[in-house]
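Read the structure below first, then the notes.
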Amino acid sequence: MRELCRRYGIQPRIGYKWLARYAAAGEAGLVDRSRRPHASPDRTPAEVEAEVVRLRQQHPCWGGRKLRQRLLDLGMDVVPSASTITAILHRHGLIDAGESAKHKAFERFERAVPNELWQMDFKGHFATAAGRCHPLTMVDDHSRFALAVEACRDERAPTVQHVMTSVFRRYGLPDRILTDNGPPWGSSDPDHRWTPLSAWLLRLGVGVTHGRPYHPQTQGKDERFHRTLKLEVIAGRAWHDVVECQSAFEAWRHVYNAERPHDALDLATPASRYRPSYRSFPENLPPIDYGQGAIVRKVQKKGEIWFANRPWKIGNAFAGYPVALRPTTVDGRYHVVFCHHEIAELDLREAPP
C-alpha cells in the first residue's frame, strides 16, 4: 500500500482514507465531501444577521462600521465585528464590490469647536412634477451637524436669507460662514465682490469666507454631505413638489444627525458633538457706531465714498451704510471697515482712475 502511495505521490494516510471510503460505500464513497463543520458555535445568530440585513435595507449606503455602531446604539446583546457584518452583507448580495473599491480614506481637517465655521451651499437642483427643487444645505465644520437641508424653489438672495434667519433663530450665530464665490453670497466681479446677503451677515457679526474659485475641495465637508444626501435620499426617486422634498429632507436630517454613525467622528453621531451657539440672533440691530474720533463715511448709491477729495469704490452692497477708515502702518494707506470687518483698502498714492 505504501509503495502504491509513493507511486502516485500521496501520503499513506490519504491512501488508507480513500480505501476505507471505497470499502464502505463503493464508488459513491469517492465523491468529494463538504468541509463545512457539523457545528459552528461562533456563527452569528440568525436573529442578529436578520437585523443587520434589515438595517442595511433601511440604510443602503451604510457599511459594516456604521451598521455595527448602530447595533451597539440600539443595545443589542450580540454585536458582530465590522468585518463579520461586511461578510454578512456580501453573503446576502448587499454590497457592490466595484463601488466599495472606490472609497478611500483621506486626511480630514476640522475646526476646534462647534459654530466656529459653518459651510453652506446649494446642491445641484433636480426636477419635480411641479418644478425644480434647489436643496440648500448648512453643515457645522466641527461636528458635521446638518443645520439645514432646505428644499427651495429658487436660489435668490431673499430665499437664502429667509432660510438663514430661521436657522439662526434655532441654533444661534456662527463665528464665520464659508460659501462659494457665486450668487447670492459672492461675485467674481472685483468691483462687486460683496453682495447684499454677505453685507447682512457682516452686519450680524458673522464673518464671510469664500472658497477658492473652481476648487470645491475648500468646502469638502459640505460637498461630501451633498454626496450622502444624493445617495440616501434624492437618487432614483420621483418627486411631486418641494413640499414632499422638504418632508423627506427633514426626516433624513434627523437620521443623519442623531442615528447615523459618522466615520469622521469615530462613529459618533453629529448630534453628540454639536451644541447651539451662545450668540443668539438679534431681532433688532443697534445703529452702527465706530466710536468717537473715527473717520466715517456713508456709502452712496453707486457704492462709492468721498475721501481725500476723490471718490473711492467700496461696493454697491454697502450703499446706505456708514463705513470707517482706519490708517495702516503704511503712510497713505487705509483699511475700510464695515462694522468689525475689513472690506476694502485705499491707497492715496494711487493715481485716480
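The values are calculated or read from the model by the stated rules, or taken from the named source; none is laboratory data. Here the structure is a predicted model, which means the values were calculated and not measured. Here the Cβ is made from the backbone with ideal geometry for all residues, glycine too, and neighbour counts use every protein chain on show.
Within the stretch 183-224, the set of residues being charged (D, E, K, R), modelled with pLDDT under 80 and not in a loop (DSSP other than H, G, I, E, B) comprises ASP191, LYS221, ASP222. Tally time: how many residues in the stretch 324-349 are among the hydroxyl-bearing types (Ser, Thr, Tyr) and not in a strand (DSSP E or B)? The total comes to 2. Can you find even one residue in the stretch 257-269 that is at pLDDT below 90 and at positive phi? Yes. Would you call PHE318 at pLDDT below 90 and surrounded by 18 or more Cβ atoms within 10 Å (Cβ to Cβ)? So PHE318 fails the test.
Name every residue in the stretch 239-269 that is under 18 Å from ARG153 (Cβ atoms) and in a loop (DSSP other than H, G, I, E, B), in order of residue number. Outline the logic, then answer.
Let us first name the residues in the stretch 239-269 that are under 18 Å from ARG153 (Cβ atoms), namely 239-250.
Across the stretch 239-269, the qualifying residues are TRP239, HIS240, ASP241.
For (1) aliphatic (A, V, I, L, M); (2) exposed (fewer than 13 other Cβ atoms within 10 Å of the Cβ); (3) closer than 17 Å to MET138 by Cβ; (4) free of Cβ contacts under 8 Å to residues at least 40 places away in the same chain, each residue gets a yes or a no:
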{"position": "GLU259", "(1), (2), (3), (4)": "no, no, no, no"}
{"position": "ARG297", "(1), (2), (3), (4)": "no, no, no, yes"}
{"position": "TRP306", "(1), (2), (3), (4)": "no, yes, no, yes"}
{"position": "ASN309", "(1), (2), (3), (4)": "no, yes, no, yes"}
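Based on this model, can you work out whether GLU150 counts as assigned to a loop (DSSP other than H, G, I, E, B) and not polar (S, T, N, Q)? Against the criterion (assigned to a loop (DSSP other than H, G, I, E, B) and not polar (S, T, N, Q)), GLU150 does not qualify. Looking across the stretch 266-324, the residues that are under 30 Å from ARG169 (Cα atoms) and among the hydrophobic types (A, V, I, L, M, F, W, C) come down to LEU267, ALA268, ALA271, PHE281, LEU285, ILE288, VAL299, ALA317, PHE318, ALA319, VAL323, ALA324.
Name the strands (runs of 3 or more DSSP E) wholly within the stretch 270-323 that hold at least 2 residues that are among the aliphatic types (A, V, I, L, M)? Fully inside the stretch 270-323 and qualifying: 295-298.
If you check ALA146, ALA130, ALA157, ALA151 for being surrounded by fewer than 18 Cβ atoms within 10 Å (Cβ to Cβ) and touching a helix residue (DSSP H, G or I) at 6+ places or on another chain (Cβ under 6 Å), only one passes: ALA157.
When the stretch 247-266 is limited to residues that are small (Gly, Ala, Ser) and within 17 Å of LEU67 (Cα to Cα), the one that is farthest from the chain's Cα centre (by Cα) turns out to be ALA258.
Cβ-Cβ distances below 6 Å connect the following pairs, each with a first residue in the stretch 171-182 that is assigned to a loop (DSSP other than H, G, I, E, B), a second residue that is surrounded by fewer than 16 Cβ atoms within 10 Å (Cβ to Cβ) and among the acidic types (Asp, Glu), and a separation of six or more residues or different chains: ASP175/GLU116. When the stretch 57-84 is filtered for residues that are modelled with pLDDT under 80 and of a type in the set (Asp, Glu), only ASP77 remains.
When PRO352 is tested against (1) touching a residue at least 40 places away in the same chain (Cβ under 8 Å); (2) assigned to a strand (DSSP E or B), only condition (2) is not met.
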